[in-house]
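Take a look at the structure below.
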Amino acid sequence: MSTTTSPTPASPAAPAGQAQAAQPPAAVSFAEAFRFWLKLGFISFGGPAGQIAIMHTELVERRRWISENRFLHALNYCMLLPGPEAQQLATYIGWLMHRTAGGIVAGALFVLPSLFILIALSWIYLRFGNVPVVAGLFYGIKPAVTALVLHAAHRVGTRALKNGWMWAIAAAAFLAIFALDTPFPAIVLAAGLIGHFGARRWPKVFALGGGHGSAKAGYGPALIDDDTPTPAHARFSRRQLMRILAVGLGLWALAMAGLVAAQGVQGTLTQMGWFFTKAALLTFGGAYAVLPYVYQGAVEHYQWLSGPQMIDGLALGETTPGPLIMVVAFVGFVGGWLRQVLGPDALLLGGALAATVVTFFTFLPSFVFILAGGPVVEATHGKLGFTAPLSAITAAVVGVILNLALFFAYHVLWPQGFSGRFDAVSALIAVAAAVALFRFKVGVMPLLAACAVVGLVVTMALGGVRA
């Protein structure tokens, strides 16, 4: 399979490589697609933007499995959904190419490597977290995470806050969660209603578009091109829709019934399954948006882990492949370990089971959304409607993420509370990390690595100063 770099279609006198690129690639076998999705699961670093960029490079530019227009059309749909858009996009393309099995494989392999890695890292964290070397590394990483969350608020804000109305929605969301401790679902619902009704009166205010720009040509014909007919399995069928919804709801009910039978309604695993089902339906705007809701539930209400542990979990999530929302696997592992869901003699197994339960309930809705809604999207390659509520929700998310940044800063800079000491070293690391992100566009992985080394050096030099 050749790689095309020419921005224009090959002419009759073009070199052999360009002439070959003028033809669509050969049909892709399920086995070949399986190998690619498995590889993607291990290299999908960089958050949703980085993961989408990797898929675009591999699937649109290099392999030409799907055209740019079809790729962006699918992405726009995924952006409208709650849940991790990069994982949903992989599921969508896998489904389009190889039916339901292809979608399940693509979506599952996007998540499973991250789950296994996070289980291992979570065990190391709980088992050896008090070792000076590990504590020193996290001492440097925590301020960097604070800067990352602040940078996320800026990144989302530059896309969402295009006018005074959107700024007002963001400010109101910030005050609601910061000053009034309003639950995140209520903020999402209120913002969605503002967008829905506001668009009727002021459509230009809320119809901000997807922000992905127009498609650019030049990669050569794709296996699934702009004019490729929709395959039979991707055409809308009421019967197929009802079947997928029944299977999805059935799997959820079966899993929940098993947890209730094993632990009761108030059991830790049962509560995790129910809580993360709700979280999965509220992840508009990406993982940073739902983290305040996860904090409210997992830290404040259920007390599965502490605030500082939540920061450490986000740091681990940033350093592993897969969707950032996989930080919920860390939350599940720590909660399962500390609550001893399988007894005091099976802490590792209990933590791993809790992480798996949390991951299942978090991602099951995403598969249902894609497999059930994909045929509707394929039925029209025009603009997707109903973007006004999403625009308002995304604006509110900016205020929510800013509140999260302040929450992290409080725990990092005043580790014993406002009545305790101010950690000037952590403040310097946070400022340096922010400058690296905003001014020099340093990547997440190099930034976390550098801050971890600084934290280790500082703690060793100062005799084990801890955050």
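The values are calculated or read from the model by the stated rules, or taken from the named source; none is laboratory data. Source: prediction; values computed, not measured. As a convention, Cβ positions derive from the backbone with ideal geometry for all residues, glycine included, and neighbour counts pool all protein chains shown. Calculation scope for accessible area: heavy atoms of the full protein, side chains included, ligands and nucleic acids excluded. Shrake-Rupley method; radii C 1.70, N 1.55, O 1.52, S 1.80 Å.
The requirement of being on the phi > 0 side of the Ramachandran plot and of a type in the set (Gly, Ala, Ser) is satisfied by Gly322. In the stretch 392-405, the condition of being open to solvent by less than 50 Å² (accessible area, probe 1.4 Å) and closer than 25 Å to Leu456 by Cα is met by at least one residue. Of the residues making up the stretch 74-96, those that are open to solvent by 20 Å² or more (accessible area, probe 1.4 Å) and assigned to a helix (DSSP H, G or I) are Asn76, Tyr77, Met79, Leu80, Glu85. Among the conditions (1) open to solvent by 60 Å² or more (accessible area, probe 1.4 Å); (2) at pLDDT below 80, the only one that Gly46 does not satisfy is (1). Of the residues in the stretch 150-160, not one is open to solvent by less than 10 Å² (accessible area, probe 1.4 Å) and touching a Gly at 6+ places or on another chain (Cβ under 7 Å).
One line per residue, one yes/no per condition, for (1) at pLDDT below 85; (2) surrounded by fewer than 15 Cβ atoms within 10 Å (Cβ to Cβ); (3) farther than 24 Å from Met326 by Cβ:
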position	(1), (2), (3)
Thr5	yes, yes, yes
Ala16	yes, yes, yes
Ala22	yes, no, yes
Arg62	no, no, yes
Ser67	no, no, yes
Leu72	yes, no, yes
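For the stretch 429-444, give me the residue count where each residue is open to solvent by less than 70 Å² (accessible area, probe 1.4 Å), without any contact (Cβ under 8 Å) to a residue 24 or more places away in the chain and not in a helix (DSSP H, G or I). Here the count works out to 1.
When Lys204, Lys142, Lys216 are screened for being touching a helix residue (DSSP H, G or I) at 6+ places or on another chain (Cβ under 8 Å), of a type in the set (Lys, Arg), at pLDDT below 90 and not in a loop (DSSP other than H, G, I, E, B), only Lys142 passes. Might you let me know whether the stretch 356-371 holds any residue that is surrounded by fewer than 23 Cβ atoms within 10 Å (Cβ to Cβ), modelled with pLDDT of 90 or more, more than 29 Å from Lys39 (Cα to Cα) and not hydrophobic (A, V, I, L, M, F, W, C)? No, that holds for no residue. Quick check on the stretch 352-371. Is at least one of its residues free of Cβ contacts under 8 Å to residues at least 24 places away in the same chain and more than 15 Å from the chain's Cα centre (by Cα)? No, every residue in the stretch 352-371 fails to be free of Cβ contacts under 8 Å to residues at least 24 places away in the same chain and more than 15 Å from the chain's Cα centre (by Cα). Being open to solvent by less than 20 Å² (accessible area, probe 1.4 Å), of a type in the set (A, V, I, L, M, F, W, C) and assigned to a helix (DSSP H, G or I) is a property that Ala262 lacks. Considering only residues in the stretch 120-131 that are hydrophobic (A, V, I, L, M, F, W, C) and assigned to a helix (DSSP H, G or I), the one that is surrounded by the most Cβ atoms within 10 Å (Cβ to Cβ) turns out to be Leu121. The condition of being assigned to a helix (DSSP H, G or I), more than 18 Å from the chain's Cα centre (by Cα) and buried (at least 16 other Cβ atoms within 10 Å of the Cβ) holds for only one of Ile169, Ile117, that being Ile169.
The residue that is surrounded by the fewest Cβ atoms within 10 Å (Cβ to Cβ), counting only those in the stretch 306-329 that are of a type outside the set (Ser, Thr, Tyr) and assigned to a loop (DSSP other than H, G, I, E, B), is Pro321.
For beta carbons closer than 6 Å, sequence separation of 6+ or different chains, a first residue in the stretch 445-457 that is in contact (Cβ under 8 Å) with a residue 24 or more places away in the chain and part of a helix (DSSP H, G or I) and a second that is open to solvent by 10 Å² or more (accessible area, probe 1.4 Å) and of a type in the set (Ser, Thr, Tyr), the qualifying pairs are Leu448/Thr319.
Looking at Ala190, is it at pLDDT 85 or above, open to solvent by less than 60 Å² (accessible area, probe 1.4 Å), farther than 13 Å from Pro292 by Cβ and not in a loop (DSSP other than H, G, I, E, B)? In short, yes.
Among the listed residues Val465, Val435, Val454, which satisfies the condition of being closer than 15 Å to Ala135 by Cα and at pLDDT 90 or above? Criteria check complete, one pass: Val454.
Here's the yes/no breakdown for (1) farther than 23 Å from Met79 by Cα; (2) in contact with a helix residue (DSSP H, G or I) (Cβ under 9 Å, 6 or more places away or on another chain); (3) modelled with pLDDT under 90:
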position: Gln240; (1), (2), (3): yes, yes, no
position: Ala255; (1), (2), (3): yes, yes, no
position: Ala261; (1), (2), (3): yes, no, no
position: Ala280; (1), (2), (3): no, yes, yes
